[in-house]
Amino acid sequence: MSTATLEKTPSIKSLEAAKASLRAQFNTLIDNAPESTIMKAATLAGDKGLVAVLERPAKTLSIQARNQIAINKMKDRAFETLKSACHLLDASEVCAILGVSKQALSKKTKLGYVIAYTNNRRKYYPDFQFENNKESSAVATLVQTLGINHSDESKVNILIQFLVQTMDFSNPGEEENVVPRYTLLDNNSAFIIIVRDFRNRLEMGK
């Protein structure tokens, strides 16, 4: 049976030996530090130079890695904002509301009768699209009018975020009527505006 050899801290019996040991360790750190760190440390006064050498430089990520991290952070913020704007249901809850199986719900989603927000590969169904134990025909009409495919998760997510945002649906001179867009889908005039504005939103995002 083999045993690992443990590195032991050398026994130091005098102050001079302790100083020598520290100098050796510090010299090793200097030898292994990046040139930029050494040049910067040399310009610092007092013990700041020592601290600069001892500090481990922050890891530099590639632009690609930073962009991917930033995208995920934006997705997380968007999902949190959505949760505060409407109630999100899981598949089991929607099946209980509609009285259908998960297979039937999946089919309704593929046909565009029901929309689902995708976050970390999980589906969340905004509750505003269900009423009287049925899915909203207005949502299905909107999806069909916009020509959105259920497999385009990014575009479906944008649509749901767009629908929970508010709009002022009032004529000039009238009192403001600021409500979430999804509450106006049954109004033909508002529906036309929602379709137009969403298409403009997509064009702006290109």
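The values are calculated or read from the model by the stated rules, or taken from the named source; none is laboratory data. Just so it is clear, the structure is predicted and the values come from calculations on it, not from any experiment. Using ideal geometry, Cβ is built from the backbone for each residue, glycine included, and neighbour counts are taken over all protein chains shown.
Here is a yes/no grid of residues against (1) over 17 Å from residue 189 (Cα atoms); (2) at pLDDT below 95:
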site: 103; (1), (2): yes, no
site: 114; (1), (2): yes, no
site: 126; (1), (2): yes, no
site: 135; (1), (2): yes, no
site: 154; (1), (2): yes, yes
site: 159; (1), (2): yes, no
site: 164; (1), (2): yes, no
site: 170; (1), (2): no, yes
site: 175; (1), (2): yes, yes
Any idea how many residues of the stretch 119-151 are without any contact (Cβ under 8 Å) to a residue 40 or more places away in the chain, more than 15 Å from residue 106 (Cα to Cα) and assigned to a loop (DSSP other than H, G, I, E, B)?
-> 5
Tell me, please, whether a residue that is assigned by TED's automatic domain parsing to the domain that holds residue 71, outside any helix (DSSP H, G or I) and either more than 27 Å from the chain's Cα centre (by Cα) or exposed (fewer than 12 other Cβ atoms within 10 Å of the Cβ) (or both) can be found in the stretch 101-117.
-> yes
Test: residue 43 is loosely packed, with under 10 Cβ neighbours inside 10 Å and either over 30 Å from residue 126 (Cα atoms) or in the same structural domain as residue 106 (by TED's automatic domain parsing) (or both) = yes
Some residue of the stretch 68-83 being out of contact with any helix residue (DSSP H, G or I) (no Cβ under 9 Å at 6 or more places or on another chain), assigned by TED's automatic domain parsing to the domain that holds residue 183 and among the β-branched types (Val, Ile, Thr) | yes
